[in-house]
Amino acid sequence: MRALEPFYRDVQSHYDVSDDFYRLFLDPSMTYSCAYFERPGMSLAQAQRAKIDLALGKLGLRPGLHLLDIGCGWGATMFRAAQQYGVSVTGLTLSRNQHDHVAAEIERLGLPEVQVRLQGWEEFDEPVDRIVSIGAFEHFRRERYASFFERCYRILPDEGRMLLHTIVGYTLNDLRRMNIPFTREDARFTLFIRKEIFPGGQLPRPAEVTRFAGQAGLGTERIQPLQEHYARTLDLWAAALVANRERAVLLTSEEVYARYLKYLTGCGRYFRSGHVDVMQFTMVKLGL
């Protein structure tokens with residue numbers, strides 16, 4: 001069977017725009033996923049740390065374990081896991097910019113137990129104790145869901161744990177049952193996201209996640225929706241981008257600035273309206 005090729009080009013087209021551009025609207029940890037506003041008055045940076053702690057806290061981490069971070073981004077979850085829980089961490093990313101940033105931070109922070117690879121999950125086949133994946137599953141594509149969960153099952157030990165944090169979508173029939181309208185404008189925005197923001201991206205339905213995981217032998221222990229938290233995260237990102245408009249245009253272009261503002265503000269509306277959600281799935285490897 002021919003080995004699956006990771007979608008390097010699609011991922012790099014989005015995440016390798018410019019690290020300095022992303023710094024204009026992300027928090028200092030460069031966490032590019034839904035924050036968790038656990039308490040009133042939290043800053044974006046505090047809420048991003050809370051989200052990372054929420055995810056890691058579901059994994060039963062302890063010193064000596066090896067954590068795999070699939071789609072590690074700019075490394076915030078990896079660093080927190082190593083520093084807070086004393087685990088060794090391997091991070092995978094398809095983004096050259098993210099890889100280089102994380103490698104430099106590993107050196108700066110003095111974390112020899114942390115490593116980053118420019119590699120997809122399709123190319124990783126080594127035993128680990130725990131898996132975390134935050135905001136990457138949206139890039140994997142439906143035809144690879146079975147292969148992904150089978151790979152995760154194979155590399156985890158018995159009763160190994162996995163935390164999958166992903167945006168989820170719904171079919172037109174789902175939306176009708178939820179009394180959520182879907183207009184031509186909504187269809188145009190969906191096409192815009194697929195063509196101009198996340199080429200090749202697909203949103204799973206919640207039932208698809210649990211079904212494919214279950215077929216591979218991974219039982220879903222808990223599902224935690226974070227819909228309202230992502231709406232607020234996107235609001236803060238959009239406001240920061242507007243506040244840094246001049247710098248954003250200098251770093252990229254007027255076109256890129258306008259495209260990202262449309263994406264951030266539009267997605268904020270769709271999380272509020274219920275068209276999309278974001279969920280953390282806590283999974284455990286079942287004994288067969």
Specify the residue that is surrounded by the most Cβ atoms within 10 Å (Cβ to Cβ); the eligible residues are those in the range 17-73 that are in contact with a Lys or Arg (Cβ under 6 Å, 6 or more places away or on another chain) and among the small types (Gly, Ala, Ser). Ala35
Residue count for the range 71-95, restricted to those that are part of a loop (DSSP other than H, G, I, E, B), over 22 Å from Gly201 (Cβ atoms) and out of contact with any His (no Cβ under 8 Å at 6 or more places or on another chain): 1
Among helices (runs of 4 or more DSSP H) completely within the range 215-288, the ones holding 3 or more residues that are more than 22 Å from Val168 (Cβ to Cβ) and in contact with a Ser or Thr (Cβ under 6 Å, 6 or more places away or on another chain) are none
Return only the number of the condition from (1) hydroxyl-bearing (Ser, Thr, Tyr); (2) part of a loop (DSSP other than H, G, I, E, B); (3) over 22 Å from Gln224 (Cα atoms); (4) touching a strand residue (DSSP E or B) at 6+ places or on another chain (Cβ under 6 Å) that Ser33 does not satisfy. (3)
Is at least one residue of the range 96-105 in a strand (DSSP E or B) and of a type in the set (A, V, I, L, M, F, W, C)? no
In the range 253-276, which residues are under 21 Å from the mean Cα position of the chain (by Cα) and of a type in the set (D, E, K, R)? Arg259, Lys262, Arg269, Arg272
Report yes if some residue within the range 128-143 is at pLDDT below 95, in a helix (DSSP H, G or I) and more than 17 Å from the chain's Cα centre (by Cα); otherwise report no. yes
I'd like the full set of residues that are touching a strand residue (DSSP E or B) at 6+ places or on another chain (Cβ under 6 Å) and of a type in the set (A, V, I, L, M, F, W, C), limited to the range 224-250. Leu226
Please indicate, with yes or no, whether at least one residue in the range 178-189 is of a type in the set (Asp, Glu) and more than 23 Å from Lys51 (Cβ to Cβ). yes
Residues in the range 153-201 that are on the phi < 0 side of the Ramachandran plot, surrounded by 12 or more Cβ atoms within 10 Å (Cβ to Cβ), outside any helix (DSSP H, G or I) and not aliphatic (A, V, I, L, M): how many? 11
If you take the residues of the range 81-104 that are under 15 Å from Tyr32 (Cβ atoms) and buried (at least 18 other Cβ atoms within 10 Å of the Cβ), which of them is nearest to the chain's Cα centre (by Cα)? Thr93
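The values are calculated or read from the model by the stated rules, or taken from the named source; none is laboratory data. Just so you know, these numbers come straight off a predicted model, no measurement behind them. We place every Cβ from the backbone using ideal geometry, glycine too, and count neighbours over all the protein chains shown.
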